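Quick notes on the structure that follows.
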Amino acid sequence: MLGFHTKTNSLPPNGISGRTYPTNGFMFLFSNPAGIPRVSSFSFVTTLVWLTTAVFLGGAPTATFVTPEPHAPVASSHFSLEWTAGADDDEELHFELRQSGGPDFADPRVRYEGPDRATFLAGLPEGDHYFQIRAKTPDADSAGPWSDSFHLTIQYQSLTLAWFLFGVGAVVFLATLVLVVAGSTKARREEKAETTERGAFSGPS
Amino acid sequence: MDYQSAVLPQNLGYFLLVLFGIIWILLGLYWGRKAKSLDGFMVAGRNVGLALGAATAMATWVTSNTTMLAPQFALQLGIWGMIAYSTASFGLFFFAPMARRIRRLMPSGYTSGDFIRLRYGKPAWVVFLVISLFYSLTWMISMGMAGGLVLLAVAGIPYETGMTAILLVCVLYTLFGGLYAVIGTDFIQSILILVGVVVVGAVIYTRIDFETTYAAVAVDQPALLMVLVPAAIMAFFNNMLFGMGEIFHNNVWWSRAFAMRRNVAGKAYWLGGLFWLPIPVAVGFIALASASLGINVIRPDMVGPVAATQVLGFAGAIVVFIVIFCSLASSIDSLLAATSDLLTEDVYRKAINPGANEATLRRTNQLIIGLLGLVTWLICRLNIGTLAEILFFAGPLVGSTIWPVAAGLFWKRTNPTGAFAAMLLGSLIGLICYFQIGWYTASLVGAAVSMVIVITTTLLWPRDFDWKTLDETPPDAMEPSTQKGASS
């Protein structure tokens, strides 16, 4: 059922899109059958656009990833993902992020659910990872469609190079350790000998 | 949109900033009364005891990187990352016997530049000064920027306001109190940091159990528990050598060695390292526990503050604010004091006005502190996003100084030309590797190349050196250890 709300209306959004618009002379709300419609000023054209959008969308808006999909494998085990509901984004929207090992999302796992528009994915193992995002109304009454999948391939650096550099580092570390320990031990011995010599030269008066 | 910001109400953030700022400036004025001579201002009378010495070593090494970057390391590189970050404490451990040696060889020394100039001559001195000033300035700027960004993220204080406030407070109390004020405030800051980290870590430990944490990480972030992640393996020694290079060469650490009593320097650095070592492990653990706490990490460097607030609530946010303020201030004041000492002693006194008296040198030192603060502020205002990456360039530069400094202290026959070439080529080749291979190789390569050159030139062309050359004490000067000054 269509209804109109005044600018100061505080009824919660509900219904097909569940959205209220900020005041620009117009506020439009889909109220539930039990709601009491109130009359306000409105723009006819905006109303028409809204009606059309609501009919075709049939729920929360479509979310999309903002982060560009990498064209090459990523060498690190972490990755930042950002998303948005685009022009239909609303601060009250929630999002659901799911991950799968295959593009068909046969075994999806929910990675995140909440109001944030980004997440830092840590500890990703090597291999292909697929992600999808969708928007939901805060009370999870309706959810938008899943986005196109985001494909991420993780391929670590060469283990051989890593161990080679580790070995070089170990050599430098050990050599420095020997330098400092042996050097300070020798220096202490020399200082002790010097003190003993001075004591021997000064002798009993 | 970032939902992980402003964990503290802005008004409270301003209140805490003003409160700590006023307290720290008053402390600077109080301790400034002790800084009657140039020695008092630059090296705290050369009489700092063990407690203050250990506290200042630990507090100076706890920067905003320790509290914010260490958790990021843990999230990016896992268990190895946490351990790799804590290896930066090895720089303090290795410097302990070196500090003792420095104090012994240079009883009247002021700067690390003094050592290089006397040990190796002018060409090496020039290269060393360029490396040291580049590193010090970029570190200071990165701390200033971090201050502005963190205060914005934690309390919603506008970037310019937060950055300006932190820099102004540090400049003022360093100006008034010199190294006395720096070391004195470090003592207080070290206690606050340790208490803050322990409290947050302990509360989080009681709220979660290891089985749940392990299970959450094993399912959602399995690579964090893996041992054979190449990036972590490569970062291990690279991070250690970066830390070692920072400490071995920089006047921040040498000025403290000169400030401590002769028999205290070695022990103070050992203790400082021991107190510092668990901090990145504790904050790294907080990052790894974020999954089981149900925290959605958006910015990995904010995971510590976000986790603390989630677990401790409002009190946690205040603890976070205080810990971050202290970690920033303890590093910025040290950099201001040490860099101005380097410029006053090495550039002004040695190159421009060798006949300058103590009063002139002290005024010059204070002027340079002010100018450094101003230059830092002007660059920080630009808020260059890639500045943190510029700091990473310093990795090969500081890595290349490890062997020239250490071998210069302990080997009588280190070749001066070899030391000069080691710093130059180590820096250049390290930078090439930085761009061609990656940041995780730069310090390691810089240090390795430098080490090979120092060892080779010393073996092939040894040059004898008289250690007494390093002692520039005037014949009629009073024993430095009998000067009145800071006690433990």
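The values are calculated or read from the model by the stated rules, or taken from the named source; none is laboratory data. Bear in mind the structure is a predicted one, so any value in this text is a computation, not a measurement. No Cβ is skipped: glycine too gets one built from the backbone with ideal geometry, and neighbour counts run over all protein chains shown. Protein only, heavy atoms only, side chains kept; ligands, DNA and RNA dropped before computing areas. Shrake-Rupley method; radii C 1.70, N 1.55, O 1.52, S 1.80 Å.
Tell me, which residues of the range B:446-463 get at least 40 Å² less accessible area when the other protein chains come in, versus the chain alone (1.4 Å probe)?
Buried by 40 Å² or more upon assembly, which counts only protein chains, are B:Met451.
How much solvent-accessible surface does B:Arg363 expose, in Å² to the nearest 10, with a 1.4 Å probe and all protein chains in place?
In the full protein context, B:Arg363 sits at about 150 Å².
How much accessible surface area, in Å² rounded to 10, belongs to the heavy atoms of B:Tyr120 with a 1.4 Å probe?
Spelled out: B:Tyr120, probe radius 1.4 Å, area about 20 Å².
Placing +1 on the Cβ of each Lys and Arg and -1 on the Cβ of each Asp and Glu in the range B:363-477, which of B:Val405, B:Leu431, B:Ala419 has its Cα farthest towards the positive end of the resulting dipole?
Highest projection toward the positive end goes to B:Leu431.
With each pseudo-label sitting 7 Å past Cα toward Cβ, what's the B:Leu371-B:Leu428 distance in nm, one decimal?
Result for the modelled spin labels: 3.0 nm.
Probe radius 1.4 Å, ligands and nucleic acids left out: which of B:Trp411, A:Trp83, B:Trp467 has the largest accessible area, and how do the rest follow?
B:Trp411, B:Trp467, A:Trp83
Quick one: which residues, 5+ away or cross-chain, put their amide H under 5 Å from the amide H of B:Thr473? H built at 1.01 Å from N.
B:Ser108
For A:Val66 and B:Leu26, what is the calculated FRET efficiency with R₀ set at 35 Å and r taken between the beta-carbons, to the nearest 0.05?
Computed FRET efficiency for A:Val66 and B:Leu26 comes out at 0.15.
Can you give me the long-range amide H partners of A:Tyr112? Hydrogens built in the peptide plane at 1.01 Å from N, cutoff under 5 Å, separation of 5 or more residues or another chain.
Here the answer is A:Leu97, since their amide H atoms fall under 5 Å of that of A:Tyr112.
Through the Karplus equation 6.51 cos²θ - 1.76 cosθ + 1.60, θ set to phi - 60°, convert the phi angles of the range B:444-449 into ³J(HN,Hα) values in whole Hz; use x for Gly and Pro.
Coupling constants for the range B:444-449: 4, 5, x, 5, 5, 4 Hz.
Within 10 Å of each Cβ of A:112-120, how many other protein chain Cβ atoms are there on average?
Partner-chain Cβ atoms within 10 Å, mean over residues of A:112-120: 5.
Give the accessible area for A:Asp141 in Å² (nearest 10); use a 1.4 Å probe, count only protein heavy atoms, and leave out ligands, DNA and RNA.
Roughly 120 Å² of A:Asp141 is accessible to a 1.4 Å probe.
Nearest 0.05, what FRET efficiency do A:Asp107 and A:Phe164 give at R0 = 45 Å with Cβ-Cβ as r?
It comes to 0.75.
What is the sum of charges, Lys and Arg at +1 and Asp and Glu at -1, for the other residues whose Cβ falls under 15 Å from the Cβ of B:Arg363?
Result for the neighbourhood of B:Arg363: 0.
Determine the sum of side-chain charges near A:Arg198: Lys and Arg each +1, Asp and Glu each -1, restricted to other residues whose C-beta is under 12 angstrom from that of A:Arg198.
So the environment of A:Arg198 carries a net charge of -2.
By accessible area of protein heavy atoms, probe 1.4 Å, what ranking do B:Glu472, A:Glu197 get, highest first?
Sorted descending by solvent-accessible area, the residues read A:Glu197, B:Glu472.
Percent of accessible area on the range B:10-387 owned by carbon and sulfur, 1.4 Å probe?
Using a 1.4 Å probe with all protein chains present, the range B:10-387 comes out at 71 percent carbon and sulfur.
Sort B:Ser330, A:Ser76 from largest to smallest accessible area, using a 1.4 Å probe on the heavy atoms of the protein chains.
Heavy-atom accessible area, descending, gives A:Ser76, B:Ser330.
With each label point set 7 Å from Cα along the Cα-Cβ vector, what nm distance links A:Glu191 and B:Leu274?
Between A:Glu191 and B:Leu274, the label points sit 1.9 nm apart.
Could you derive backbone 3J(HN,Hα) for the range B:352-358 from the dihedral phi with the Karplus parameters 6.51, -1.76 and 1.60 (θ = phi - 60°), listing whole Hz in sequence and x where the residue is Gly or Pro?
Using θ = phi - 60°, the values come out as 9, 9, x, x, 4, 8, 4 Hz.
Other chains near B:220-228: what is the mean number of their Cβ atoms within 10 Å of each residue's Cβ?
Mean number of neighbouring Cβ atoms from other chains: 5.
Could you work out how much longer the chain between B:Lys36 and B:Ile384 gets when fully extended? Use 0.36 nm per residue separation minus the Cα distance between them, nm to one decimal.
That works out to 121.3 nm of additional length.
Could you go through the range B:33-38 in sequence order and give the Karplus-derived ³J(HN,Hα) for each residue, using 6.51 cos²θ - 1.76 cosθ + 1.60 with θ = phi - 60°, rounded to whole Hz, and x for Gly and Pro?
Per residue, the Karplus-derived 3J(HN,Hα) values read 5, 7, 7, 7, 10, 5 Hz.
Inside 10 Å of the C-beta atoms of B:405-416, what's the mean count of C-beta atoms belonging to other chains?
If you average over the peptide's residues, the count of other-chain Cβ atoms is 2.
Quick one: dipole size for the range B:95-174, taken about the Cα centre, charges +1 on Lys/Arg Cβ and -1 on Asp/Glu Cβ, in debye to the nearest 20.
My answer is approximately 680 debye.
Over the range B:10-387, what is the mean sequence separation of C-alpha contacts under 8 Å (at least six apart), divided by residue count, expressed as relative contact order in percent?
38 percent
Highest mean first, what order results for A:155-166, B:72-83 on Cβ atoms within 10 Å?
Per-residue mean Cβ counts within 10 Å order the peptides as B:72-83, A:155-166.
Give the accessible surface of the range B:30-95 per residue, rounded to a whole number of Å², with probe radius 1.4 Å and ligands, DNA and RNA excluded.
Here the residues of the range B:30-95 average 22 Å² of exposed surface.
Can you figure out the FRET efficiency of B:Val281 with A:Asp141, using R₀ = 41 Å and their beta-carbon distance, to the nearest 0.05?
0.35
Out of residues 5 or more away from B:Thr87 or on other chains, whose amide H comes under 5 Å of its own, with H placed 1.01 Å from N in the peptide plane?
When sequence neighbours closer than 5 places are left aside, there are no close amide H contacts.
Express in nm, to one decimal, how much length is gained between B:Val227 and B:Thr212 on full extension, taking 0.36 nm for each residue of separation and deducting their alpha carbon distance.
Roughly 3.4 nm would be gained on extension.
Starting from the Cα of B:Glu160, step 7 Å along the direction of its Cβ; do the same at A:Gln155; then give the gap between the two resulting points in nm.
So the label points at B:Glu160 and A:Gln155 sit 4.7 nm apart.
For the interface of B with A, what's the total buried accessible surface in square angstrom, probe 1.4 angstrom, rounded to the nearest hundred?
The buried area between B and A, both sides summed, comes to about 4000 Å².
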